Amino acid sequence: MRAAIIGLGAIASMHARALRYIPGVELVAACCRTEEKGRAFAAEFGCAWHGDAARMLRREKPDFVTVATPSGAHLPAVLAAARRGVHVICEKPLEISLKRIDRMIAACDKAGVTLGAIFPQRFNPVVCTVHEAAAAGRFGSLALAASYVPWCRDDAYYGPDRWQGTKALDGGAALMNQSIHGVDALQWIVGATMPELAGLRGPSMAPVGNGTVVPP
């Protein structure tokens, strides 16, 4: 299968290395707007560089792409892939608003292509063990579940030349960009035993997902 990467931020090299481990997959191209960065990436991973996603998709004809642009720029990359009938594996979060995510899902459904999100914690051995235990009923009937994400990002991470922490491209700062790993792992584990999920939102209790929470 022919693979391509849209967006060459810090995570893109990890995508490229991961693709090397998949039998039958070849990274044929990658794209970003910065030529120097693009050519250096292409030289390192033995693929072509393009400065435009639509042109790359048209010329290289990949079977699937991984999307590694800033979160708030996932939508145009996914729409471009869907228009060419190319399957998509997209970095988390899918986008920064439900409206934009719905457009991505609708476009891929219409094109008949798969849209997947990258949530690596589902492959974490510890998380997998907890999920299996929950599915087997070892925790009984769950009444409460919580996630704690004690990660740290220094001031430079949110520097003036970074997209992280901006409303336009990040959308939700630490909760959306880092803690989403815990949110996804939590709903995956709890979802193995509970058909409906409920949680806290804002200063008071409110419905989340399909569940209902009564205010105190």
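The values are calculated or read from the model by the stated rules, or taken from the named source; none is laboratory data. Worth saying up front: this structure is predicted, and the values here are computed from it rather than measured. Positions of Cβ are generated from backbone atoms using ideal geometry, with glycine treated the same way; all protein chains shown enter the neighbour counts.
Condition (residue is surrounded by fewer than 12 Cβ atoms within 10 Å (Cβ to Cβ) and either among the aromatic types (F, W, Y) or not assigned by TED's automatic domain parsing to the domain that holds S71 (or both)) applied to the stretch 113-123: is it met by at least one residue? Yes. Here the strands (runs of 3 or more DSSP E) wholly within the stretch 1-58 that include at least 1 residues being of a type in the set (V, I, T) and more than 21 Å from the chain's Cα centre (by Cα) are 26-31.
Within the stretch 90-112, the set of residues being surrounded by fewer than 18 Cβ atoms within 10 Å (Cβ to Cβ), outside any helix (DSSP H, G or I) and without any contact (Cβ under 8 Å) to a residue 60 or more places away in the chain comprises just one member, G112. No other residue among G137, G171 is small (G, A, S) and over 18 Å from the mean Cα position of the chain (by Cα) apart from G137.
Every test in (1) assigned to a helix (DSSP H, G or I); (2) under 15 Å from H181 (Cα atoms); (3) out of contact with any helix residue (DSSP H, G or I) (no Cβ under 7 Å at 6 or more places or on another chain) is passed by A146 save one, and that test is (1). Given the structure, is H87 in the same structural domain as I22 (by TED's automatic domain parsing), surrounded by 19 or more Cβ atoms within 10 Å (Cβ to Cβ) and in contact with a Phe, Trp or Tyr (Cβ under 6 Å, 6 or more places away or on another chain)? When the stated conditions are applied, H87 passes them.
Return only the number of the condition from (1) touching a Gly at 6+ places or on another chain (Cβ under 9 Å); (2) assigned by TED's automatic domain parsing to the domain that holds A80; (3) not in a loop (DSSP other than H, G, I, E, B) that L186 does not satisfy. Every condition holds for L186 apart from (2). Just one of the numbered conditions (1) in contact with a strand residue (DSSP E or B) (Cβ under 9 Å, 6 or more places away or on another chain); (2) within 22 Å of N177 (Cα to Cα) is not true of D52: (2).
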